[in-house]
Amino acid sequence: MSEAPQITAFAAALQQSHASGQRFVPETGMALPRDRAECLAVQQAVSEARGAVAGFKVGAGKGALAPTVAPIAAADVVASGGVAKTRDQLGIELEVGFELLKPLPAVGLPEPVQEYFAPRVVIELVDTRLEGDAASDPALKLADMQINAGMVLGPRVADWDGSDFGTVAAWCDAGETRLLDGEATVPGGSALANLGLLCEVLGDHCGGLQPGQVVITGSLCGLPYFPAGTEVSGRIEGLGEVSVTLT
């Protein structure tokens, strides 16, 4: 991690926000992460403070911050049918996930992929720890775990043949709102390409990808936000159903 004490202070403020449930505005004069290396250093520090990692999110992204990766804390994982604590609202993303079954043999996507990964349907939970203009700053979003707030894990598919998920049949409801009903395309058009990208670039960041952890590959339904009290459910054909209640 950067030795700059104010960068360290920013990481500490993020961790305090996780602990307190209160968002914050970075203090005037606080040095903030501005390049990808500094953003990942902040992630590393916050992740170490929060404990075990349950998985990672990945996106191709654009520009100097790409590709975007971020750990997902085990403390923020919810079993399907459970409840997710909500400050005022949570973002909802129905996604294709992949659980690592055994250690990766090398950098990159292993072959045959089905010997190393099993797909799962996942709802990613999304929230920021920041307020004001800081909440929309791309570098600060990356440092803030790419605004991940957890994930809801659906069933693991045991008999996957290794075929890709590109355009899938899916539905997702949040309360009375139908978010998705029919065909939807994984960001970039290939869940396996996104998984492979994570396997290429993650390295030992936040402990590296370990058996039992889940990689999520991007939203099928955009990023809508809903308040506490909303019941969310989704299904991806071939993967199964997943649900959570925001509370």
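The values are calculated or read from the model by the stated rules, or taken from the named source; none is laboratory data. Owing to the predicted nature of the structure, the values given are computational and were not obtained by experimental measurement. Ideal geometry is used to build each Cβ from the backbone, glycine not excepted, and the neighbour counts take in all protein chains shown. Just so you know, the surface numbers come from the protein's heavy atoms only, side chains and all, with ligands and any DNA or RNA stripped out. Shrake-Rupley method; radii C 1.70, N 1.55, O 1.52, S 1.80 Å.
On the basis of being in a helix (DSSP H, G or I) and in contact with a Cys (Cβ under 7 Å, 6 or more places away or on another chain), does Ala135 make the cut?
no
Quick check on my filter: what residues within segment 227-239 are touching a Leu at 6+ places or on another chain (Cβ under 6 Å) and either open to solvent by less than 30 Å² (accessible area, probe 1.4 Å) or within 20 Å of Phe117 (Cβ to Cβ) (or both)?
Thr230, Gly234, listed by residue number.
Being open to solvent by 30 Å² or more (accessible area, probe 1.4 Å) and in a helix (DSSP H, G or I) is the filter here; which residues of segment 41-64 pass it?
Gln44, Glu48, Ala49, Arg50, Gly63, Ala64
Has segment 4-20 got at least one residue that is under 30 Å from Val157 (Cβ atoms), hydrophobic (A, V, I, L, M, F, W, C) and open to solvent by less than 60 Å² (accessible area, probe 1.4 Å)?
No, segment 4-20 contains no residue that is under 30 Å from Val157 (Cβ atoms), hydrophobic (A, V, I, L, M, F, W, C) and open to solvent by less than 60 Å² (accessible area, probe 1.4 Å).
What number of residues within segment 21-40 are in a loop (DSSP other than H, G, I, E, B), in contact (Cβ under 8 Å) with a residue 40 or more places away in the chain and either closer than 21 Å to Leu65 by Cβ or open to solvent by less than 50 Å² (accessible area, probe 1.4 Å) (or both)?
6
State all residues of segment 155-197 that are surrounded by fewer than 13 Cβ atoms within 10 Å (Cβ to Cβ) and charged (D, E, K, R); if no residue qualifies, say none.
The answer is Asp159, Asp161, Glu176, Arg178, Asp181, Glu183.
Select, from Ser20, Ser2, the only residue that is at pLDDT 95 or above and either out of contact with any Leu (no Cβ under 8 Å at 6 or more places or on another chain) or not β-branched (Val, Ile, Thr) (or both).
Ser20
Looking only at segment 72-101, which residues are over 19 Å from Ala52 (Cβ atoms) and among the β-branched types (Val, Ile, Thr)?
Those that are over 19 Å from Ala52 (Cβ atoms) and among the β-branched types (Val, Ile, Thr): Val83, Thr86, Ile92, Val96.
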